[in-house]
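Scroll down for the structure; my scribbles are underneath it.
The values are calculated or read from the model by the stated rules, or taken from the named source; none is laboratory data. For clarity, every value in this text was computed on a predicted model and none was experimentally measured. Note: ideal-geometry Cβ built from the backbone for every residue, glycine included; neighbour counts use all protein chains shown. The accessibility values were calculated without ligands, DNA or RNA, using every heavy atom of the protein model including side chains. Shrake-Rupley method; radii C 1.70, N 1.55, O 1.52, S 1.80 Å.
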Amino acid sequence: MERDELLENTLESLVQFLRASNPKQGDSVAKANLTPHQFRALVFVLVHDNATTTDLADYVGVHPSVGTGIVQKLVGRGYVTRFEDSQDRRIRRLSLTEHGREFIEGIVGAAREGRRRQLQVLSEEQLAQFGDILETLRAGLPAASK
């Protein structure tokens, strides 16, 4: 098998695995009436507490004005709070509310547990190899994606 064909087959297997690995996550997001950008924004704020709207927009991959709209909707729904930066009053920082934290941690935790169960089929050697492969892939990402 040629490298390009091997890459395509591997990529397709990865995409199929990720789609099938947590089918309920999409249901939870849909039931909460969140767009994919809003969901990604919540995950971002979970991981990057006190980030700015510009940071969030960069991560989600939208123009800062669209990022502001996403934040406004999340604030309005009680998931996120905005507050002044202590060093620069022009900057607004973001943090999850208790409601937002419970919601997103529930979804992320369920997904993590599901993937943990799926990885149980691998031997210790395979897990170590898989971890090394993922670390190599992560190292190849642009700094903003890490």
Taking the residues in segment 98-146 that are part of a helix (DSSP H, G or I) and among the basic types (Lys, Arg) as candidates, determine which candidate is farthest from the chain's Cα centre (by Cα).
Arg117
Filtered residues of segment 89-116 (kept if at pLDDT below 95, among the charged types (D, E, K, R) and touching a Lys or Arg at 6+ places or on another chain (Cβ under 8 Å))
Arg92
Quick one: would you say Leu94 is assigned to a helix (DSSP H, G or I), surrounded by 12 or more Cβ atoms within 10 Å (Cβ to Cβ), more than 15 Å from the chain's Cα centre (by Cα) and of a type outside the set (Phe, Trp, Tyr)?
no
When you check Ala30 against the structure, is it aliphatic (A, V, I, L, M), out of contact with any Ser or Thr (no Cβ under 7 Å at 6 or more places or on another chain), surrounded by fewer than 17 Cβ atoms within 10 Å (Cβ to Cβ) and within 19 Å of Gly109 (Cα to Cα), yes or no?
yes
Test Ser86 against the criterion of being at pLDDT 90 or above, hydroxyl-bearing (Ser, Thr, Tyr) and in a helix (DSSP H, G or I), and give yes or no.
no
Any chance segment 48-60 includes a residue that's among the hydrophobic types (A, V, I, L, M, F, W, C) and farther than 21 Å from Pro142 by Cβ?
no
Answer yes if at least one residue in segment 42-59 is part of a helix (DSSP H, G or I), within 30 Å of Leu134 (Cα to Cα) and acidic (Asp, Glu), and no otherwise.
yes
For segment 132-146, pairs from a residue that is within 24 Å of Leu56 (Cβ to Cβ) and modelled with pLDDT of 80 or more to a residue that is loosely packed, with under 10 Cβ neighbours inside 10 Å and of a type outside the set (Asp, Glu), with Cβ under 7 Å and 6 or more apart or across chains, are Arg138/Lys146
Hits in segment 79-111 - residues which are of a type in the set (S, T, N, Q) and free of Cβ contacts under 8 Å to residues at least 40 places away in the same chain
Thr81, Ser86, Gln87, Thr97
Residue in segment 3-14 that is over 13 Å from the mean Cα position of the chain (by Cα), touching a residue at least 12 places away in the same chain (Cβ under 8 Å) and assigned to a helix (DSSP H, G or I) present:
no
Just to check your reading of the model, which residue among Gln38, Gln120 is on the phi < 0 side of the Ramachandran plot and open to solvent by 60 Å² or more (accessible area, probe 1.4 Å)?
Gln120
